[in-house]
1. Could you go through the stretch 394-409 in sequence order and give the Karplus-derived ³J(HN,Hα) for each residue, using 6.51 cos²θ - 1.76 cosθ + 1.60 with θ = phi - 60°, rounded to whole Hz, and x for Gly and Pro?
2. In the stretch 341-485, if the dipole is taken from +1 on Lys/Arg beta carbons and -1 on Asp/Glu beta carbons about the Cα centre, which of Phe383, Gln413, Val446 is farthest to the positive end?
3. For the stretch 71-79, take each phi angle, set θ = phi - 60°, evaluate the Karplus expression 6.51 cos²θ - 1.76 cosθ + 1.60, and give the result in whole Hz per residue in order, putting x for glycine and proline.
4. Could you work out the local net charge near Ser449, counting Lys and Arg as +1, Asp and Glu as -1, over the other residues with Cβ closer than 15 Å to its Cβ?
5. At 25 °C and a viscosity of 0.890 mPa s, what translational diffusion coefficient does Stokes-Einstein give for the stretch 395-465, taking Rh as the Kirkwood radius over Cα pairs? Give it in µm²/s as a whole number.
6. Run the simple label-point estimate for Phe407 and Arg211 please: 7 Å along Cα→C-beta, distance reported in nm.
7. Pull up all non-local amide H partners of Phe407: gap of 5 or more, or a different chain, and H-to-H distance under 5 Å with H placed in the peptide plane.
8. Can you list residues whose amide H is under 5 Å from Ser67's amide H, if they're 5+ apart or on another chain and H is modeled 1.01 Å from N?
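No lab work stands behind these numbers, since they all come straight from the coordinates. Computed from a predicted model, the values in this text were never measured in an experiment. Counting neighbours? That spans all protein chains shown, and the Cβs are built from the backbone with ideal geometry, glycine included.
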Amino acid sequence: MVETGFRGQGTAPAGHNPGSCPAGIGLRCMTMSAQKRALVVDDSRSARLVLRRMLEKYDLTVDTVESASLALDYLTRNRPDVIFMDHMMPGMDGFEAIKAIKDNPATATIPVMMYTSKGGDLYLGQARALGAVGVLPKTVAPAELFSSLKKIGLIRDRRKEKRQHDEEGASERAEDLQAVPLPARTPRFTEPGMPSSAAPKDAQELDAHIRRLLEEQSVEFRKDVLLSMETVARQIGQRLNRELEEKLDALQPGTTQRAPGASPMFVVLALLLLASLFLNIYLLADRNTPPPTAAADDRVPAADLQLASEAVRNLEARNAEHAASLKQSWLTTGWALNQELSYPFNEIALDEQRVDLIAQLLERLSATGYRGRIVLETHAGEFCLLGDQESGFRLPPPEMTLDQCTFTGNPVQPTDSAAAHQSLRFANFVNSSPLLDGEGLSIEVVAASREDPLSAYPEKSDKTTAQEWNRVAADNNRVVVRLEPE
């Protein structure tokens with residue numbers, strides 16, 4: 001369902017084209033056609049209502065829809081001047097909707113502003129990489145909204161000019177309005193359940209009207225608060241359950257099978273305590289009743305102490321071996337991923353099967369108890385290619401020389417920006433993975449400068465073949481994984 005309203009001019013149906021003027025309307029239609037139009041996409045009715053009221057203060061015509069799929073359907077028949085897009089919505093989310101809008105040549109030039117409770121430099125970079133012009137919070141201030149609208153050229157301070165124009169054209173508008181019967185005045189905007197009759201006639205009717213609006217908005221806010229509290233309570237409950245299970249496992253070592261060397265300090269302390277007990281018994285016996293011979297006095301304690309000393313050394317060796325094995329497993333995992341995280345010249349670094357490999361690495365590290373950062377260092381190779389942006393790029397024949405290539409660089413990742421090296425699929429994975437809760441594991445994306453490549457390129461000359469150059473470029477076109485434990 002599309003909800004639409006014209007500030008100060010009644011309500012227009014969905015699909016209205018402000019560019020077409022019925023015969024006989026004259027100057028009034030010209031004013032309406034010059035009015036800018038905004039589309040608000042949000043599954044929260046209260047959020048749509050609040051933003052619509054703020055936009056209408058700047059003389060914008062505001063249409064609202066409750067899902068991304070309805071927004072795409074709306075864009076097949078309308079061309080708004082700006083789109084305000086929520087992120088988390090049922091079905092298609094905001095990032096997917098932006099990608100669909102920018103992939104369509106008919107709608108690619110429409111500026112899209114994210115209107116969401118999310119924030120941060122990483123989220124802003126992801127949104128701009130997909131084509132959004134900026135991010136506005138749900139609690140946006142009027143000054144911030146005005147600045148954003150002014151930045152994209154939708155409004156400017158023309159109040160004095162507008163008043164002068166109104167005074168000069170008052171007589172002309174009066175003549176136009178006399179030829180056309182005016183419809184009954186309706187509210188600035190309509191929401192489901194709002195009466196479409198004329199404005200309230202007296203104070204009691206106005207008071208009842210406002211109370212109904214406040215009650216509807218209060219219900220929507222209450223629903224949003226309850227959903228947020230339910231989500232937070234579920235997350236806290238899951239974290240408390242995990243911590244409780246870990247503490248129960250630590251308090252009951254005999255009920256679960258542990259890997260060798262899992263708790264070496266407990267065993268070491270037990271053996272040291274046993275050795276101390278033997279030594280104390282011997283010293284006590286030596287003090288009360290002397291041994292029969294000196295040979296027996298030297299033989300018994302020496303054997304016990306040697307046994308305890310050997311047990312301690314064995315356990316220390318096993319503990320060191322276990323720690324070294326665990327460290328080596330982390331290094332081996334990183335090395336294996338380095339071998340598999342190279343990617344073709346026509347793909348983004350963090351996309352396709354690289355996302356699946358990173359997800360598998362995340363699960364394995366979480367299972368081993370790893371805590372710390374996973375640094376993904378993206379490297380972009382400079383390839384020798386044939387073609388152009390319109391027809392596409394391709395690898396040249398192996399025998400062709402470097403000077404015969406029409407393009408040398410990376411057409412998919414032209415800049416060394418971390419946001420440009422991340423796909424929509426990777427961004428959704430980072431935002432939705434339950435393992436990345438900010439407490440144990442975290443992912444950081446770092447874009448390496450191509451001025452410092454992993455492998456040095458051959459000399460740029462007419463003697464260097466495209467095959468030699470692209471072999472080095474393919475080696476540089478990869479994602480390097482670094483593990484930084486806490």
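1. Along the stretch 394-409, the couplings run 8, 6, x, x, x, 7, 5, 8, 5, 6, 8, 6, 7, 8, 10, x Hz.
2. Going by the Cα projections, it comes out as Val446.
3. Result, rounded to whole Hz: 5, 5, 5, 4, 6, 6, 10, 9, 10.
4. Working: positive: Arg450, Arg478; negative: Glu377, Glu382, Asp416, Glu451, Asp452.
So the environment of Ser449 carries a net charge of -3.
5. 156
6. Placing both labels 7 Å along Cα→Cβ, they lie 6.7 nm apart.
7. Amide H neighbours of Phe407: Leu385.
8. Asp42
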